[in-house]
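Single-structure report; data block below.
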Amino acid sequence: MSRVLSGLQPSGDLHLGNYLGAIRNWVADQGAHDAFYCIVDLHALTLDIDPAELRTRTHETALDLLAAGLDPARCTLFVQSHVPEHAQMTWLLECIATMGELRRMTQFKEKSAGNDSVRVGLFTYPVLMSADILLYDAERVPVGDDQRQHLELARELAIRFNHRFGPTLVVPEASIPSVGARVMDLQHPERKMSKSVNSPLGTILILDDPADIIRKVKKAVTDTDGEVRYDREAKPGLSNLVELLAVSTGRTPADVAGAYERYGDLKNDVGEALVELLRPLRERRAELAADPGEVADLLAVGADKARSTASATYQRAARAIGLLSPA
Ligand code: TYM
């Protein structure tokens, strides 16, 4: 079975972009692959986040992922900080990554723009992400389109490490869905749906109730030419809705666009399809919240499994790079 790994920040309510770009594919991959999924709380420290809130969000993110269909019997679900090798491996990789390549990361450029006291952790964030991936010998990394450049860095660091110190690390491949990899904000369709931007009407949360989902879709910004056509450049708002319906119903965007003449009809069907898509998740989430102890136990089992894989890779890398093994 091939090894798959992916991660997600516990930075608040998960939204439709997280679900369609990543989580849905994580669920599909478990069972058929040896899958590791990580709640990346160390990455969340690059944001200003209250300690108590970080703990709560980490726990709630685990509930959300279980509600979305992750099954701890068929995948390894764990919290990043429970496996100390992530921080250790990051240091090894920081010693082969360059300032120039980190400065080129577009997410770093966006998040640091206009801020004159940028944290070092925000700068080295992609190296921690590379460590997450390389520690598990992951061959495939299912992510949304916004992580493409970070994945390139992980590949590049693995190749460089192997070239310099001999074959040690598996070179991973990004796995980005053809539809749903870039869900756009419903109010600002030129930018991606994101938890770090405050756009309540433009963001559908996976736990939104049906009336809110329908209201947000009805109010989604489109255009005035009145023609239903899939064209992400010329018609970003409408094309986003077409993609949402395509991905929720397993059709192609072209098929969906061909089936409608009026924006209103398309919006009605998008709203209903999203309500149905998210319904099981919302129902299961309510059941899971009733037993918080169970989730803590599941995460402890996940951390044990993750740690045994991560520590073997870390030791291999530490030996290759020349660190003396403890007696
Ligand atoms: P994060 O937490 O921002 O997002 C989690 C996943 O959701 C995807 N995503 C989207 N997909 C489609 N449309 C959108 N609007 C959208 N917004 C988010 C992301 O692409 C991602 O797959 N750095 C990562 C977390 C990470 C990671 C890793 C991922 C840390 N270590 C190792 C893979 C492997 C991040 O901040 O994702």
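Derivation of every value follows stated rules applied to the coordinates shown; laboratory data play no part. Everything quoted here is computed from the prediction, not taken from an experiment. Positions of Cβ are generated from backbone atoms using ideal geometry, with glycine treated the same way; all protein chains shown enter the neighbour counts.
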Quiz item: With springs only between Cα atoms under 10 Å, which of R74, R164, R24 fluctuates most in a Gaussian network model of the chain?
Solution: R164
Quiz item: Restricting to the chain, what percent of DSSP beta bridges are antiparallel, rounded to 5?
Solution: 10
Quiz item: How large is the charge dipole for the chain, taken about the Cα centre, if only the Cβ atoms of Lys, Arg (+1) and Asp, Glu (-1) carry charge, to the nearest 20 debye?
Solution: 760
Exercise. Would you work out the charge dipole size for the stretch 192-327 about its Cα centre, treating the Cβ of every Lys and Arg as +1 and the Cβ of every Asp and Glu as -1, and quote it to the nearest 20 debye?
Key: 640
Quiz item: Which of these, A138, A97, A234, has the largest mean-square fluctuation under a Gaussian network model of the chain (Cα springs below 10 Å)?
Solution: A234
Quiz item: Do the sum for the chain: with -39,500 (n - 2.57) for every DSSP H run of n ≥ 4, divided by all residues, what is the mean residue ellipticity at 222 nm, to the nearest 500 deg cm²/dmol?
Solution: -16000 deg cm²/dmol
Quiz item: Using the reciprocal of the averaged 1/r over all distinct C-alpha pairs, how large is the Kirkwood radius of the stretch 204-327 in Å?
Solution: 18.3
Exercise. Please name whichever of H150, A303, L5 sits farthest to the positive end of the charge dipole of the chain, dipole taken about the Cα centre and charges placed at Cβ: Lys and Arg +1, Asp and Glu -1.
Key: H150
Practice problem: Determine one quarter of the surface area of the Cα convex hull of the stretch 1-83, which equals its mean projected area, and express it in nm² to one decimal. | Solution: 5.3
Exercise. Mark the label point 7 Å from the Cα of E261 along Cα→Cβ and return the residues of the stretch 220-237 whose backbone N is within less than 17 Å of it.
Key: 225-229
Quiz item: Scanning the chain for helices, which whole DSSP H stretches are 27 Å or more long along the axis (Cα) and average -0.5 or more by Kyte-Doolittle?
Solution: 292-321
Practice problem: Work out the P(r) tail for the chain: percent of alpha carbon pairs separated by more than 37 Å, whole number. | Solution: 19
Practice problem: Return the subset of K111/K305; K195/K219; K192/K218 for which the Cα-Cα distance in this structure is over 29 Å, preserving the input order. | Solution: K111/K305
Quiz item: Given just the C-alpha atoms of the stretch 1-143, how large is their convex hull per residue in cubic angstrom?
Solution: 118
Exercise. Evaluate the charge dipole of the stretch 20-64 about its Cα centre and quote only its size in Debye, nearest 20, assuming +1 on the Cβ of each Lys and Arg and -1 on the Cβ of each Asp and Glu.
Key: 120
Quiz prompt | Viscosity 1.567 mPa s, 4 °C: Kirkwood-radius Stokes-Einstein D of the stretch 197-259 over Cα pairs, µm²/s | solution = 103
Self-check item: Cα pair distances of the stretch 62-149 binned at 10 Å [whole percent]
Solution: 13, 39, 35, 13, 1
Quiz item: Which value in Å is the Kirkwood Rh of the stretch 255-307 over different Cα pairs?
Solution: 14.5
